[in-house]
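The values are calculated or read from the model by the stated rules, or taken from the named source; none is laboratory data. All of these numbers come straight from a predicted model, not from anything done at the bench. Using ideal geometry, Cβ is built from the backbone for each residue, glycine included, and neighbour counts are taken over all protein chains shown.
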Protein chains: 2
Amino acid sequence: MKTPFRSIEGSIVAPRGFRAGGVFCDIKRIGTGKGSEKGQKRDLAIIASVVPCSVAGLFTTNQICAAPVKVCVDIVRGGSAQAIVVNSGNANACTGRQGLLDARAMTKATGAALGLPAEAVLVASTGRIGVNLPMPQVRAGIRAVSDVLGSSADHAAQTAESIMTSDTRPKQIAVEFLWDGLPVRLGGVCKGAGMIQPGMSATGARPPAFPSGLHATMLAFLTTDAAIDSSHLQPILEEAVALSFNRITVDGDMSTNDTVLLLANGLAGNPKPRGRKPSGKGLESFRAALNHVCLDLAKKIVRDGEGVHRVVTVKVEGARTSLEADAAARAVANSALVKTSWHGGDPNWGRIIDALGYSSATIVENKVDIGYSAPGGRNVLWSLKRGQPTRATFADLCAAVAPSEFELHIRLGLGRGKATIYAADLTEAYVDFNKGNVADPKSLGG
Amino acid sequence: MKTPFRSIEGSIVAPRGFRAGGVFCDIKRIGTGKGSEKGQKRDLAIIASVVPCSVAGLFTTNQICAAPVKVCVDIVRGGSAQAIVVNSGNANACTGRQGLLDARAMTKATGAALGLPAEAVLVASTGRIGVNLPMPQVRAGIRAVSDVLGSSADHAAQTAESIMTSDTRPKQIAVEFLWDGLPVRLGGVCKGAGMIQPGMSATGARPPAFPSGLHATMLAFLTTDAAIDSSHLQPILEEAVALSFNRITVDGDMSTNDTVLLLANGLAGNPKPRGRKPSGKGLESFRAALNHVCLDLAKKIVRDGEGVHRVVTVKVEGARTSLEADAAARAVANSALVKTSWHGGDPNWGRIIDALGYSSATIVENKVDIGYSAPGGRNVLWSLKRGQPTRATFADLCAAVAPSEFELHIRLGLGRGKATIYAADLTEAYVDFNKGNVADPKSLGG
């Protein structure tokens with residue numbers, strides 16, 4: 001299928017009028033007790049537009065939410081912003097009143113450095129929980145990075161690196177598409193490797209029908225030169241996140257800091273969508289491009305998940321409702337026994353049907369089909385049909401679950417509810433990485 | 001505090017009129033493809049009373065429930081039974097119509113061997129999912145064990161061994177108490193090490209208020225010579241299970257086979273409780289003894305959990321409701337990040353408050369207290385009070401989480417809801433054990 005967009009270089013600075021950059025300002029050392037070294041990863045970044053932007057955002061629905069999230073929710077509600085300041089190494093979560101003051105001070109210092117009001121600056125943090133930010137270092141970092149912002153691929157790469165915590169590699173993308181004949185660009189960077197099962201909403205409030213048990217810190221920052229008002233931008237971002245970041249799980253733990261922000265500065269010069277339910281080919285291309293960018297970044301998070309060896313796309317069909325399909329897919333995707341069997345390359349359907357049975361979705365044993373395919377979903381090899389093992393050979397089933405990425409197909413045979421969850425195996429490396437370092441007196445949080 | 005009962009030897013054959021025994025009949029080899037060896041673990045057991053018993057039982061609420069569970073639900077509803085036949089190595093789950101025929105055939109063969117109607121025989125299975133029982137071996141085992149039933153401690157030990165799967169040691173207990181001056185005895189055996197988060201009810205149906213996400217195979221068989229009708233026995237067992245087996249989690253996975261059965265043969269000669277709401281000192285002692293026996297066996301399951309290094313009692317107080325307290329405790333007890341930090345001996349409160357925040361319980365950050373104590377709950381060392389780190393030193397907090405068993409105290413400060421969950425750490429050994437053996441062509445289920 002021909003997509004209405006094409007990949008380009010430049011990530012978040014590909015769209016016109018965006019500059020970015022990242023520096024090392026010693027937050028990680030202060031936050032984690034680990035020594036500063038030459039070649040230390042960057043830990044503070046700024047993304048800024050040369051003109052004011054429409055803004056859209058989604059935030060963790062964890063009731064314990066970090067100070068920067070609280071600050072952003074207010075700004076996004078206002079619909080306009082022009083810059084984002086973000087640090088890694090310290091989540092500024094569970095930091096009380098001082099935490100909120102520090103988050104606001106970050107927006108103020110960034111505004112001062114860029115000649116913007118504090119209210120035009122969004123803020124995000126990721127790292128240790130429960131440790132106050134080292135503000136002298138943060139302020140020095142903001143001054144340093146604001147002097148070196150630029151629009152080269154290297155500037156984007158610095159930004160992608162600055163937001164990494166346990167990530168092993170930077171994650172970025174950009175695409176270009178046409179809107180009424182005018183080239184429009186959309187770019188993004190993200191981070192996330194553990195504490196990953198985001199469940200984000202626009203206000204941080206949990207919608208009544210929100211799947212329970214949603215749970216990492218993931219941060220994603222998106223930029224576009226499309227012209228579009230925030231009232232039209234927000235629902236399109238919500239839909240894109242619902243199909244991407246809110247559909248991934250590494251360990252089933254939802255972070256206090258999950259944040260997705262999208263800045264649209266309008267410099268592409270396309271005609272702004274108008275009316276309550278705008279439509280049109282240009283807008284549809286934008287929607288498709290945004291869905292693609294979000295899903296690409298979300299999958300990069302799962303692939304780079306802590307200790308992850310295998311990535312499994314869990315596709316449930318035939319549930320009574322979409323919510324039941326989601327519950328069924330998440331029960332399988334978060335089952336310790338299913339995840340360890342994926343790690344072992346074991347096509348164990350018993351653990352899968354067991355997890356389906358204890359999910360909140362309705363399951364009828366003799367209607368359940370379970371099968372495997374390569375990414376793309378063609379030529380499914382069924383291991384279970386209507387609750388009974390098929391004649392597929394064990395060797396063939398093992399071959400189906402041996403690749404580093406495969407799809408798990410589950411058909412419940414009860415209705416039209418569908419859901420997809422992008423999941424990962426559970427490995428000794430995950431346990432080893434997360435068992436913590438008791439020799440480290442700053443490891444109390446995060 | 002003086003308890004109204006005392007520990008005695010003999011486990012399930014301590015009560016008068018009970019006999020038991022276990023044999024090796026090759027189910028495990030057939031079920032798992034592993035070779036039979038000298039010294040192979042026993043895999044089939046019978047527990048029988050010399051006279052008919054009142055019966056009570058609770059079963060998995062997993063919608064995918066094994067054939068023996070379906071058979072037992074019907075018998076327990078009738079209120080009377082006289083024997084239990086149980087095998088390990090094969091769960092007889094997801095085995096379709098043949099599975100149900102096989103479970104019924106086990107009750108019939110046992111009845112025939114013991115001179116009882118099939119309807120007086122309860123049946124349970126644990127092991128691989130999705131493989132039909134090797135019935136010739138099962139029948140031979142039933143004949144063999146029914147010839148060697150006895151009432152010695154060795155017979156009880158054989159039974160405890162026969163029901164083990166990934167368990168590393170047998171689990172048993174017995175107590176004696178007085179009822180109107182008459183000595184009454186209560187004994188039990190159980191198994192369970194992985195796929196452990198039982199959520200059992202009397203009919204296998206999930207009560208509306210049942211905590212979602214409940215999830216091992218655990219089997220427990222209890223015997224008593226108390227005289228008590230099944231209508232009085234069932235609610236007392238339900239209460240005991242609600243405070244014990246339904247409060248443990250090893251990996252958060254609920255099995256298809258979880259079963260607790262209690263046989264009461266009346267040979268102690270105590271006066272039977274009468275009326276709709278019976279009371280009295282004897283009955284209260286029975287209740288206390290049953291609660292003790294169930295909790296002792298439940299804790300033995302967690303301690304022997306797959307790869308478990310540390311056992312943590314998670315105590316939540318001050319939730320808005322008991323159900324919210326339960327949800328908060330289970331979110332913490334099943335968080336991969338919290339469990340790996342326990343493994344590492346890391347007193348990480350950030351991951352704990354994060355899990356509380358994404359639970360379905362209401363949490364207010366600046367009201368949350370988190371602390372640690374030795375088993376027994378005295379001298380709690382608080383690491384967090386009202387959402388803020390205390391002055392407890394990192395060394396002291398590390399010392400508090402270093403023992404192989406400790407208590408985690410969480411106060412939410414919002415109401416009077418309380419809940420306790422008996423949980424375990426997540427270790428590399430758990431992952432290694434469960435990643436499966438792809439060289440084993442019979443490992444498709446379980």
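Assorted remarks:
- Residue ID - nearest to the other protein chains (Cβ to nearest Cβ), chosen from residues in the stretch A:399-446 that are modelled with pLDDT of 95 or more and in a helix (DSSP H, G or I): A:Ala399
- Of the helices (runs of 4 or more DSSP H) contained entirely in the stretch B:81-186, those carrying at least 2 residues that are closer than 20 Å to B:Ala298 by Cβ fall at B:153-162.
- Residue pairs whose Cβ atoms lie under 8 Å apart, separated by 6 or more positions or on different chains, with the first residue in the stretch B:268-287 and in a loop (DSSP other than H, G, I, E, B) and the second surrounded by 14 or more Cβ atoms within 10 Å (Cβ to Cβ) and among the basic types (Lys, Arg), are B:Ala268/B:Arg16; B:Ala268/B:Arg185.
- Selection status of A:Asp326, more than 27 Å from A:Lys300 (Cβ to Cβ) and assigned to a helix (DSSP H, G or I): no
- Only one of B:Ile352, B:Ile363 that is assigned to a loop (DSSP other than H, G, I, E, B), modelled with pLDDT of 95 or more and buried (at least 24 other Cβ atoms within 10 Å of the Cβ): B:Ile363
- Test for B:Ile129: is it buried (at least 22 other Cβ atoms within 10 Å of the Cβ) and more than 20 Å from A:Glu365 (Cβ to Cβ): no
- Flag if B:Asp326 is farther than 30 Å from B:Asp225 by Cα and either basic (Lys, Arg) or more than 8 Å from every other protein chain (Cβ to nearest Cβ) (or both): yes
- Considering only residues in the stretch A:378-391 that are part of a loop (DSSP other than H, G, I, E, B) and surrounded by 12 or more Cβ atoms within 10 Å (Cβ to Cβ), the one that is nearest to the other protein chains (Cβ to nearest Cβ) turns out to be A:Gly387.
- Some residue of the stretch A:92-103 being farther than 15 Å from A:Lys70 by Cα, assigned by TED's automatic domain parsing to the domain that holds A:Arg77 and of a type in the set (A, V, I, L, M, F, W, C): no
- Selection over the stretch A:221-248 of residues that are among the hydrophobic types (A, V, I, L, M, F, W, C) and in a loop (DSSP other than H, G, I, E, B) gives a count of 4.
- When the stretch B:47-82 is limited to residues that are surrounded by fewer than 24 Cβ atoms within 10 Å (Cβ to Cβ), polar (S, T, N, Q) and within 14 Å of chain A (Cβ to nearest Cβ), the one that is farthest from A:Leu356 (Cα to Cα) turns out to be B:Thr61.
- Evaluation of B:Val368 against (1) in contact with a Lys or Arg (Cβ under 8 Å, 6 or more places away or on another chain); (2) within 10 Å of chain A (Cβ to nearest Cβ); (3) at pLDDT below 95 (one fails), failing number: (3)
- Residues within the stretch A:127-149 that are at pLDDT 95 or above and closer than 25 Å to A:Ile196 by Cβ, tallied: 1
- Matching residues, the stretch A:144-156, being surrounded by fewer than 19 Cβ atoms within 10 Å (Cβ to Cβ) and out of contact with any Cys (no Cβ under 9 Å at 6 or more places or on another chain): A:Asp147, A:Val148, A:Gly150, A:Ser152, A:Ala153, A:Asp154
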